[in-house]
Amino acid sequence: MHGNRDFLLQQGFEERSGTRLIADPVIVESYGEQVLLTHGDALCTADRSYQNLRSLVRNTHWQRRFLALPLRVRRLLAQQARDGSRRHTGNTAAYIMDVDQQAVAAAMRACGTRVLIHGHTHRPAIHDFELDGAPARRIVLGAWHEQGSCLSWDQAGFRLEDLPRGPSESAAAHREP
């Protein structure tokens, strides 16, 4: 699934990596439960400057023009974008860059799901809440480059796990029914 830094990945990536890109959002079934998967950045509706940037770079016309630029120019622009992102996240209140609960509820209602899994905010957690009088759950995955985490789901339930960083660290996990 495309995120905020890998939105230019295309079919060639799939062929070289042996993976398959999936739509954002997408509904999957896990042990009889309909689950909404999304990168999560579209749910951060209070971060207007990021949403404006997201609209621009997800535009296929913009992407074609960008990919037509020489590689050295694209690399320079990408570095400038990363630098701007660091400045933005350093100067913006955390609640603005987090998902908006109303956007979460709207997405779940539109897709008819009670479970939402996303990344983007990189604050691993399980948020239980009520949606239209019924229990609902939002599961947030961590960033792979910071702490390493994964979500495992089997017949017994799911586990949001922090993966060990080195040989001396052990995995801290908790299981939810």
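Observations, loosely collected:
- Filtered residues of region 28-52 (kept if part of a helix (DSSP H, G or I) and either among the aliphatic types (A, V, I, L, M) or free of Cβ contacts under 8 Å to residues at least 24 places away in the same chain (or both)): ALA42, LEU43, ARG48, GLN51, ASN52
- Checking each residue in region 124-157 for being modelled with pLDDT under 85, buried (at least 19 other Cβ atoms within 10 Å of the Cβ) and in a strand (DSSP E or B) picks out only SER149.
- Scanning region 158-177 for residues that are among the charged types (D, E, K, R) and either at pLDDT 85 or above or not in a loop (DSSP other than H, G, I, E, B) (or both) yields ARG159, GLU161, ASP162, ARG175, GLU176.
- Test result for ASP6, in contact with a Ser or Thr (Cβ under 8 Å, 6 or more places away or on another chain) and part of a loop (DSSP other than H, G, I, E, B): no
- Residue match in region 17-34 (condition: out of contact with any Leu (no Cβ under 8 Å at 6 or more places or on another chain), more than 30 Å from GLN155 (Cβ to Cβ) and surrounded by 13 or more Cβ atoms within 10 Å (Cβ to Cβ)): no
- If you filter region 35-50 down to residues that are out of contact with any helix residue (DSSP H, G or I) (no Cβ under 8 Å at 6 or more places or on another chain) and surrounded by 12 or more Cβ atoms within 10 Å (Cβ to Cβ), you find that the one that is farthest from HIS120 (Cα to Cα) is VAL35.
- In the set (1) farther than 18 Å from LEU141 by Cα; (2) in a helix (DSSP H, G or I); (3) within 16 Å of the chain's Cα centre (by Cα), MET108 fails one condition alone, (1).
Results for (1) under 19 Å from ALA81 (Cα atoms); (2) over 15 Å from the mean Cα position of the chain (by Cα); (3) not aromatic (Phe, Trp, Tyr), shown as yes or no for each residue.
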residue	(1), (2), (3)
LEU8	yes, yes, yes
PHE13	no, yes, no
ARG16	no, yes, yes
ALA23	no, no, yes
GLY32	no, yes, yes
ALA42	yes, no, yes
ARG48	yes, yes, yes
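- Considering the conditions (1) more than 21 Å from HIS120 (Cα to Cα); (2) part of a helix (DSSP H, G or I), LEU69 is excluded by exactly one of them, (2).
A quick yes/no check of all residues on (1) closer than 28 Å to ASP154 by Cβ; (2) modelled with pLDDT of 95 or more; (3) among the hydroxyl-bearing types (Ser, Thr, Tyr); (4) in contact with a strand residue (DSSP E or B) (Cβ under 6 Å, 6 or more places away or on another chain):
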position	(1), (2), (3), (4)
ASN4	no, no, no, no
GLY40	yes, no, no, yes
ARG65	no, yes, no, no
ALA81	no, no, no, no
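- Look at (1) of a type in the set (Ser, Thr, Tyr); (2) assigned to a helix (DSSP H, G or I); (3) surrounded by 15 or more Cβ atoms within 10 Å (Cβ to Cβ) and you find that SER55 fails only one, number (3).
- Scan of region 74-121 for residues that are closer than 14 Å to ASP41 by Cα, crowded, with 17+ Cβ neighbours inside 10 Å and among the hydroxyl-bearing types (Ser, Thr, Tyr), ordered by number: THR121
- Matching entry among THR113, THR121 (being in a loop (DSSP other than H, G, I, E, B), within 14 Å of the chain's Cα centre (by Cα) and in contact (Cβ under 8 Å) with a residue 40 or more places away in the chain): THR121
The values are calculated or read from the model by the stated rules, or taken from the named source; none is laboratory data. Predicted, not measured: the structure shown is a model, and the values here were computed from it. Neighbour counts are summed over all protein chains in view; Cβ atoms, including those assigned to glycine, are modelled from backbone coordinates with ideal geometry.
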